[in-house]
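Student: Sharing a structure, written as structure tokens. Questions coming.
The values are calculated or read from the model by the stated rules, or taken from the named source; none is laboratory data. Remember, it's a predicted structure, so these values are computed and weren't measured experimentally. FYI the Cβ positions are ideal-geometry reconstructions off the backbone, even for glycines, and counts take in every protein chain you see. Surface accessibility is based on the protein's heavy atoms, side chains included, excluding ligands, DNA and RNA. Shrake-Rupley method; radii C 1.70, N 1.55, O 1.52, S 1.80 Å.
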Amino acid sequence: MNSDLQRVTHTTRQAVHRIDATREMERAAAEDLPAHTLMQRAGLSVAKLALAIAPHTQTVWIACGPGNNGGDGLEAAMHLKLWGKNPIVTWLGAPDKAPADAAQSRWRAINADVEFADGPPRQFDLCIDALLGLGASSGSAPGNRPIEARMALWIAQMNAAPAPVLAVDLPTGLNADTGQAGPTCVQAQFTLSLLTLKPGLFTAHGRDASGEVWFDSLARPEQPGGAAMGVLGTPPNPANPVLPTAWLTGMPSFQPRPHASHKGSFGDVAVIGGASGMTGAALLAASAALHFGAGRVFVSLLDGGAMAVDPNQPELMFRALDALDLKRMTVVCGCGGGDAVHQPLAKVLSTCALAVIDADAINSIAIDSQLQTLLRARARRGQATVLTPHPLEAARLLKLDALQIQHDRLGAAQQIADQFACVVALKGSGTVVAAPGLTPAINPTGDARLATAGTGDVLAGMVGARLAGCFASGFATKAQKNANHLAFNAACDAVYLHGLAAELEPASKALTASALIQRLASAR
């Protein structure tokens, strides 16, 4: 029996697919295989993973829904019984209404003497959620099934039990496309995604609901543009629905710095921000740019003061805005800028070749149509721009609220990118990076340790440094043609290592933005 069971790690780039693409791939694979083959492979993979994560388990509660997700659970129950375990199945289906494959797996489980019960056992060592998978009412595919009373009760019992939960394909109640959790949602410690990886497992509520993600392609043939290509920034092809919906980013590749280098080889970054009372935000962004590899970092503060040097970071060079040659710099604008950033923003958008727009600068663009026009014009001139909004800032750009942004993070990031003709890094759980004409990326690194003040400023500085380095190290001749493509990859690299640096901090410790900067060298 074919099996391709593997744990999903964030070291390599991998493709993810929406429900409609997954359904199409499932249909195509089923046509090329004998009947019931996919369910047999899925059930075997579930059983194998169950033993891998709980090798000493004896009693396994397998909660099976009425459709094919339940059939996968029934098939797994048969294998666990044959391997000497004690699977107890609770099934919400009816023999005369079950899909053909699920009905066949039910008979296989009965013939293996699997025990069927009306409710969960009093004690169990492992629970397998095979209730709905892609068929949950929170999904976007047609024919969704609601989470009814008995199923809701079982989900509550799973979530309250001390035993680990393994979700088949998707935690029941989680939207496969968006990562939104319904009012009743399984909180799994492990999820086995079958046939394809789903974007909802990696953004919004998905990472909390799915736990450790495993994957089995069920040995389907690799699709054109599939995971084996591992290339970010691939243009989507609407004529081929099985091409990736998005990519999970992987570990960036950093070439060794040539011995015959100088500081100009890695670009200049100018940070414009730090209005009165918010100087620290600009200094954090500047320090991050310096630690992430920029050749030189200049700081133009908007607080009206006369700060000449940062004694803790004397490498930073302080300049008045008028003294900066923005045309040849990568400008990071907005960090702690307050209302004061509004005035210089027009000059930044009109002048600099490379720009990272963050925080208060994004808010200024959201309320000023002239700034929006200047932003769109940058793309026509081949000037790269990266916006780094959090959900509320993204909502202001789209005239929505933050809940609407979170409801479909992939869609919101792409809408902003298309509307303003730039690269967008929509921050949050599973940061989404999008650009016009490119397949978006979902970042798999980072965790709640990043939920502290100043970490967004650090990210802005990192994106600026990566942009400056890419365009200074030989890519500049391609800038007019591929500005957004290069900026997209620079943003993906920075976001990935920003999250990875946070993971290097012990989980028991709080993470400050300053401490995050000190982790950057270890993350690369």
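Student: Of all residues being β-branched (Val, Ile, Thr) and closer than 19 Å to Gly382 by Cα in segment 325-351, which is most open to solvent (accessible area, probe 1.4 Å)? Just the residue, please.
Tutor: Initial filter on segment 325-351 (β-branched (Val, Ile, Thr)): 330-332, 341, 348, 351.
With the extra rule that they be closer than 19 Å to Gly382 by Cα, the set shrinks to 330-332, 348, 351.
Numbers: Thr330: 3, Val331: 0, Val332: 0, Val348: 0, Thr351: 39 Å².
Among residues in segment 325-351 that are β-branched (Val, Ile, Thr) and closer than 19 Å to Gly382 by Cα, the one most open to solvent (accessible area, probe 1.4 Å) is Thr351.
Student: Hey, could you check segment 322-364 for residues that are in contact with a Lys or Arg (Cβ under 8 Å, 6 or more places away or on another chain) and either basic (Lys, Arg) or in a helix (DSSP H, G or I) (or both) and say which is nearest to Gly267 (Cα to Cα)? Explain how you work it out, then say what you get.
Tutor: Kept after step one, since they are in contact with a Lys or Arg (Cβ under 8 Å, 6 or more places away or on another chain), are these residues of segment 322-364: 326, 349, 351-353, 355, 362-363.
The next check asks that each one be either basic (Lys, Arg) or in a helix (DSSP H, G or I) (or both); those that pass are 326, 349, 351, 362-363.
Working: Leu326: 12, Leu349: 19, Thr351: 17, Ile362: 24, Asn363: 27 Å.
For segment 322-364, the residue satisfying everything is Leu326.
Student: Restricting to segment 45-75, count the residues that are closer than 19 Å to Pro146 by Cβ, outside any helix (DSSP H, G or I) and in contact with a Pro (Cβ under 8 Å, 6 or more places away or on another chain).
Tutor: Residues flagged as closer than 19 Å to Pro146 by Cβ, outside any helix (DSSP H, G or I) and in contact with a Pro (Cβ under 8 Å, 6 or more places away or on another chain) within segment 45-75 amount to 2.
Student: Then there's this: How many residues, within segment 91-135, are more than 18 Å from Val46 (Cα to Cα), in contact (Cβ under 8 Å) with a residue 60 or more places away in the chain and part of a loop (DSSP other than H, G, I, E, B)?
Tutor: 2
Student: Does any residue in segment 293-304 that is touching a residue at least 40 places away in the same chain (Cβ under 8 Å) come within less than 7 Å, Cβ to Cβ, of a residue that is polar (S, T, N, Q) six or more places away or on a different chain, and which pairs are these?
Tutor: What qualifies is Gly295/Ser265.
Student: Taking the options Ser193, Ser210, Ser217, name whichever one is crowded, with 22+ Cβ neighbours inside 10 Å and under 22 Å from Val433 (Cα atoms).
Tutor: Ser210
Student: While we're here: Any residue in segment 360-382 that is modelled with pLDDT of 95 or more sitting within a Cβ distance under 7 Å of a residue that is crowded, with 16+ Cβ neighbours inside 10 Å and basic (Lys, Arg)? List the pairs, counting only those 6 or more apart or interchain.
Tutor: Between residues of segment 360-382 that are modelled with pLDDT of 95 or more and residues that are crowded, with 16+ Cβ neighbours inside 10 Å and basic (Lys, Arg), the close pairs are Asn363/Arg396; Ala366/Arg396.
Student: Filter segment 1-37 for residues that are assigned to a helix (DSSP H, G or I) and open to solvent by 30 Å² or more (accessible area, probe 1.4 Å) and give the result. Spell out how you get there, then give the answer.
Tutor: Residues of segment 1-37 that are assigned to a helix (DSSP H, G or I), as a first pass: 19-31, 37.
If the condition is that a residue be assigned to a helix (DSSP H, G or I) and open to solvent by 30 Å² or more (accessible area, probe 1.4 Å), then Asp20, Arg23, Glu24, Glu26, Arg27, Ala28, Ala30, Glu31 are the ones that fit.
Student: May I ask you to verify whether Gly305 is open to solvent by less than 10 Å² (accessible area, probe 1.4 Å), out of contact with any Lys or Arg (no Cβ under 9 Å at 6 or more places or on another chain) and over 24 Å from Leu410 (Cβ atoms)?
Tutor: no
Student: For Ala282, indicate whether it is at negative phi, touching a Gly at 6+ places or on another chain (Cβ under 6 Å), surrounded by 23 or more Cβ atoms within 10 Å (Cβ to Cβ) and outside any loop (DSSP other than H, G, I, E, B).
Tutor: Criteria met by Ala282.
Student: Additional query: Kindly establish whether Pro66 is under 16 Å from Pro171 (Cα atoms) and open to solvent by 20 Å² or more (accessible area, probe 1.4 Å).
Tutor: yes
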